[in-house]
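Structure first, then comments.
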Amino acid sequence: MKKVTRVNILGALLLCVLCLTACGNREQQNKPSDKGNAKDEMVTSISVNKDGSIESRIVEEFEAAYYDVSALQAMIEEAAADYSRETAAAEVSLKGCKVVDNKVNVEITYNDCNAYAGFNGETFFAGTIQDAYEAGYDLNVTLKAVSSKDGAQTVSKQELLGMGDSHIVIFERPVQEDGAGEEAAGATMRINCYGNILYVGDGVSTVGKKSADVSIDQGVGIIVFK
């Protein structure tokens, strides 16, 4: 019951920052970056760090006349503290919550991918391909190379298992609905990796050497990086 309550709190947070964009105001800056990593772009994203920690950022339209940023901050801090206290292996903390130019920017840090997945009620894995296989993730997929320099233009399960020390991100978010109760179409999540991206699955497009956008309404998004 506590987990359901917490996920509902996170759902309320997302509804709070998303409902103002239901009329088409949502704009993810999905343009190629000439940087190695598009992490610094102010868009909704998940960043995978080399030490295994995860950083998430939510950037959305926000009107102070309708929503109180201090109340939003307090809600997130309470949810993070509750989850960290109830889940011994998890460390979740609010790094920042501010409004600039009518956009809310919420940054949350997690000690690992399990903490992110549990806190947000989403499917999320970041680790080696071997670890993903041992954890029971379905690797019966075909991925395409982002560059002809990376060798084979596509790889499937057998080739992936031969790349056991390479890293993989597996992401799937439950379908979000807009303020009118309709599924939010065309939404994406920016995934920032600490190594160069080698292969991606369906619904994933690179926006830099180390960053890619995952179409949330396309099911599971997969990224393989060095």
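Bear in mind these aren't lab numbers, they're just calculated from the coordinates by the rules spelled out. All values reported here derive from a predicted model rather than from experimental measurement. Cβ atoms come from the backbone with ideal geometry, glycine included; neighbour counts cover every protein chain shown.
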Checklist entry - So, by mean Cβ neighbours within 10 angstrom, what's the order for 217-226, 96-105 with the highest one leading? => result 217-226, 96-105
Item to check | Whole-angstrom Cα spans of the stretch 79-169 along principal axes, big to small | outcome: 44, 37, 18
Checklist entry - Going highest first, how would you order 112-123, 72-83, 130-141 by mean Cβ packing within 10 Å? => result 112-123, 72-83, 130-141
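Expressed in nm to one decimal, what extension gain is obtained for the pair residue 68 and residue 147 from 0.36 nm per residue of sequence separation less their Cα-Cα distance?
So the extension gain works out to 23.9 nm.
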Next on the checklist: I'd like the FRET efficiency for residue 78 and residue 202, computed as 1/(1 + (r/R0)^6) with the beta carbon distance as r and R0 of 45 Å, rounded to 0.05.
Outcome noted: 0.75
Checklist entry - Under a plain spin-label model, where a point goes 7 Å from the Cα along Cα-to-Cβ, how far apart in nm are residue 130 and residue 86? => result 3.5
Item to check | Spin-label model distance (nm) - residue 51 vs residue 166, 7 Å beyond Cα toward Cβ | outcome: 2.8
Checklist outcome for this item: Once phi for every residue in the stretch 193-200 is put through the Karplus expression 6.51 cos²θ - 1.76 cosθ + 1.60 (θ = phi - 60°), the whole-Hz ³J(HN,Hα) values, with Gly and Pro written as x, are 10, 8, x, 5, 6, 9, 9, 9
Next on the checklist: Skipping prolines and chain starts, which residues have an amide H placed within reach, meaning under 5 Å, of the one on residue 112, given they are 5 or more residues away or on another chain?
Outcome noted: 54, 91
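Please arrange 94, 160 by how many other C-beta atoms lie within 10 Å of their C-beta, fewest to most.
94, 160
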